[in-house]
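What follows is a set of notes on a single structure, which appears directly below.
The values are calculated or read from the model by the stated rules, or taken from the named source; none is laboratory data. If you're wondering where the values come from, they're calculated on a predicted model, not measured in any experiment. Neighbour counts are summed over all protein chains in view; Cβ atoms, including those assigned to glycine, are modelled from backbone coordinates with ideal geometry.
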Amino acid sequence: MNINNINSEAIREIILSMAANLEKNKNMVDALNVFPVPDGDTGTNMHLTIQSAVKEATEYEYTDARKAVKAAANGSLMGARGNSGVILSQLLRGFSEGFKDKEEISTKVIAEALKSASDTAYNAVMKPVEGTILTVARESAEKAIEIYAKYEKIVDFLEIVVEHAKDALRRTPEMLDVLKQAGVVDAGGQGLVFLMEGALLYLKGEKIEAIDVENVEIKDTEDELGLFLFEEDIKFAYCTEFIINKASVEREKFLDIIKNKGDSIVCIKNDDIIKVHIHTNEPGYVLDRAGQYGELINIKIDNMRKQFRDKQKSAKPMEKKKDAFISIGMGEGVKKVFEELGVDIFISGGQTMNPSTEDIMKAVDSVNSDNIFILPNNSNIILAANQAKEISDKNIFVIPTKTIPQGIAAMIAYNPEIDETENEVEMLNALANVKTGQVTYAVRDTVVNDMEIKKDNIITIHDGKIISNGEDKKEETLNLLKEMIDEDSYLITLIYGEEVDKKEAEEIAAEIEEYAEDCDIELISGGQPLYYYIVSVE
């Protein structure tokens, strides 16, 4: 088969099938999180990454399959979210390199492309870990290289490769003890298997129906504006909310009517009431259709483009400066802390909402400075930040902060009197001087490090390890702090989240002040979701 005979439609359908199969199963991938904390987002990150590949590959009518595959790889590179998404983008990048200069598609070409994909992904990770998506990719590629000469039909060949990928996935708990204890396979590896299955199903003539509607939390319009760096990023201008009272239509049917009229769709039905949120360019159409199924009440329409312009007018233009700072996190209180420390752009993101490489790139492009320091403040965002650094031609320093306290410590360590390389060293050194603790809840029953954890239990985490769990939030938080404090401790910071009462936080601070008399206690209203407390001890 001559490679140039495959048009953009065929490439589009293959990638769409991959994306649809992952979308269909992404909740399952999300649930495979090793830690039972409410931030399992591997499936979502990989899905959003492959959607960026779809968008780029289908934008133009490519007549050359190599260009279409390259476009998909470039799209995934910019849309990559989380470590799994970045690794997926590197796999697609390597796969596209394997197609370069090839005139025909054959089992040999595909096998070599899979090998190129695996090699590229491994090279992108500083310390590759076996028992992950990397293992599934590598073993699939090795099998493909081993058997390609035995098969002429691509479908027959790929069926064997996909089965081997599934076998590699099944063996991931044998390679990583944390997977074995949690009783799960690797989430990223499972996501990759779903993508490979999606491609194979299309080639076998089986169509997968994509699910176009995402149910997301309804945010205030002002909060949603924080997701955009430029007005042109707002594809659908009108944030439209309303309630259909005494609704005579099923939720699924109404979703089907409006799903192609916008994004950020939320549709919730309770008895005979349907609450709807949608970003659309056709609010009139949406309201007209809704009105056919009941009485419309609580109608609210905001022009987000105008709101964005008004917000930009009130903001001061950034003057040229020697060093600029980009920080990532969640919660208005957390944002305020970083801005007071000198951060120029705060990207709203973190658990369950990892910003993409493109999001970080837009922030990089919007600052006017000689040097840019990026603080990811989350281990699942570091790879995307490093990918932005590689793509950009600006002088970028990624400080690999894994937590909000580490990001704060890095900013405090910054010294405007020294040069950027010296500051990088000082900021990196500061990370070792801060201990981080987190208090959240379990989303499922599991066993971690021989500790039995029940769903909805309060979990305490110290520097990335679960150390205790129980039913009393205050008691578990106090136990965590006492575990972290030692004779060298001098400063304790308690950042309480959006679901925590200030009085409770003050009570914990008062008890710790009695326990650690020589330590200063700082209490901050962070407003972060999911995590009741983020604590640091220095």
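Residues of the range 374-408 being surrounded by 24 or more Cβ atoms within 10 Å (Cβ to Cβ) and not polar (S, T, N, Q), which ones? Of everything in the range 374-408, those that are surrounded by 24 or more Cβ atoms within 10 Å (Cβ to Cβ) and not polar (S, T, N, Q) turn out to be Ile374, Leu375, Pro376, Ile381, Leu383, Ala384, Ala385, Ala388, Ile399, Ile404, Gly407, Ile408. For the range 384-433, a residue qualifies if it is of a type in the set (Val, Ile, Thr) and touching a strand residue (DSSP E or B) at 6+ places or on another chain (Cβ under 6 Å), and the qualifying residues are Ile396, Val398, Ile399, Thr401, Thr403, Ile404. With respect to (1) modelled with pLDDT under 95; (2) more than 25 Å from Lys55 (Cα to Cα); (3) not assigned by TED's automatic domain parsing to the domain that holds Gly291, the lone exception for His164 is condition (1). Only one entry of Glu487, Glu483, Glu511, Glu522 meets the criterion of being in contact with a His (Cβ under 8 Å, 6 or more places away or on another chain) and of a type in the set (D, E, K, R), and that entry is Glu483. Just one residue in the set Ser89, Ser96, Ser106, Ser118 is over 24 Å from the mean Cα position of the chain (by Cα) and of a type in the set (S, T, N, Q); that residue is Ser106. The criterion of at least 2 residues that are over 30 Å from Glu417 (Cα atoms) and not assigned by TED's automatic domain parsing to the domain that holds Lys402 is met, among helices (runs of 4 or more DSSP H) falling completely within the range 248-356, by 251-258, 283-291, 304-314.
When the test is whether a residue is surrounded by 20 or more Cβ atoms within 10 Å (Cβ to Cβ), out of contact with any Leu (no Cβ under 8 Å at 6 or more places or on another chain), modelled with pLDDT under 90 and closer than 19 Å to Ile495 by Cα, Gly349 passes it. If you go through the range 478-514 and keep only what is in contact with a Leu (Cβ under 8 Å, 6 or more places away or on another chain) and more than 15 Å from Pro405 (Cβ to Cβ), you end up with Ala505, Glu506, Ile508, Ala509, Glu511, Ile512.
Each row is one residue, and each column tells you yes or no for (1) more than 30 Å from Leu383 (Cα to Cα); (2) in contact with a His (Cβ under 7 Å, 6 or more places away or on another chain); (3) of a type in the set (Gly, Ala, Ser).
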| site | (1), (2), (3) |
| --- | --- |
| Glu130 | no, no, no |
| Glu139 | no, yes, no |
| Glu142 | no, no, no |
| Phe157 | yes, no, no |
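Would you confirm whether any residue within the range 138-150 is without any contact (Cβ under 8 Å) to a residue 60 or more places away in the chain and within 16 Å of Val86 (Cβ to Cβ)? Within the range 138-150 (the criterion being without any contact (Cβ under 8 Å) to a residue 60 or more places away in the chain and within 16 Å of Val86 (Cβ to Cβ)), the answer is no, since none of the residues qualifies.
So, in the range 252-271, of the ones that are out of contact with any helix residue (DSSP H, G or I) (no Cβ under 8 Å at 6 or more places or on another chain) and either closer than 30 Å to Gln307 by Cα or of a type in the set (Val, Ile, Thr) (or both), which residue ends up surrounded by the fewest Cβ atoms within 10 Å (Cβ to Cβ)? My answer is Asn260.
Filtering the range 50-67 to residues that are at pLDDT below 80 and in a helix (DSSP H, G or I) leaves Ala65, Arg66.
Reported count of residues in the range 180-192, each being part of a helix (DSSP H, G or I), surrounded by fewer than 24 Cβ atoms within 10 Å (Cβ to Cβ) and not polar (S, T, N, Q), is 2.
Per-residue answers, yes or no, for (1) closer than 30 Å to Asn429 by Cβ; (2) over 29 Å from the mean Cα position of the chain (by Cα):
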position: Tyr441; (1), (2): no, no
position: Glu452; (1), (2): no, no
position: Asn457; (1), (2): no, no
position: Asp463; (1), (2): yes, no
position: Tyr490; (1), (2): yes, yes
position: Glu498; (1), (2): no, no
position: Glu504; (1), (2): no, yes
position: Glu513; (1), (2): yes, yes
position: Ser525; (1), (2): yes, no
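Of the residues contained in the range 365-375, one or more are found to be of a type outside the set (A, V, I, L, M) and within 28 Å of Val535 (Cβ to Cβ).
In this structure, Glu282 qualifies as of a type in the set (Asp, Glu), touching a Gly at 6+ places or on another chain (Cβ under 8 Å) and farther than 29 Å from Ile534 by Cβ.
Being part of a helix (DSSP H, G or I) and either surrounded by fewer than 22 Cβ atoms within 10 Å (Cβ to Cβ) or not hydrophobic (A, V, I, L, M, F, W, C) (or both) is the filter here; which residues of the range 79-98 pass it? Spell out the reasoning first.
Of the range 79-98, the ones part of a helix (DSSP H, G or I) are 79, 82-98.
Those that are part of a helix (DSSP H, G or I) and either surrounded by fewer than 22 Cβ atoms within 10 Å (Cβ to Cβ) or not hydrophobic (A, V, I, L, M, F, W, C) (or both): Gly79, Gly82, Asn83, Ser84, Gly85, Ser89, Gln90, Arg93, Gly94, Ser96, Glu97, Gly98.
So is Ile492 crowded, with 19+ Cβ neighbours inside 10 Å, touching a strand residue (DSSP E or B) at 6+ places or on another chain (Cβ under 7 Å), farther than 19 Å from Glu517 by Cα and among the aliphatic types (A, V, I, L, M) or not? Spelling it out, it is not the case that Ile492 is crowded, with 19+ Cβ neighbours inside 10 Å, touching a strand residue (DSSP E or B) at 6+ places or on another chain (Cβ under 7 Å), farther than 19 Å from Glu517 by Cα and among the aliphatic types (A, V, I, L, M).
Annotation: of all residues in the range 307-334 being surrounded by 13 or more Cβ atoms within 10 Å (Cβ to Cβ) and modelled with pLDDT under 85, the one that is farthest from Lys269 (Cα to Cα) is Met318.
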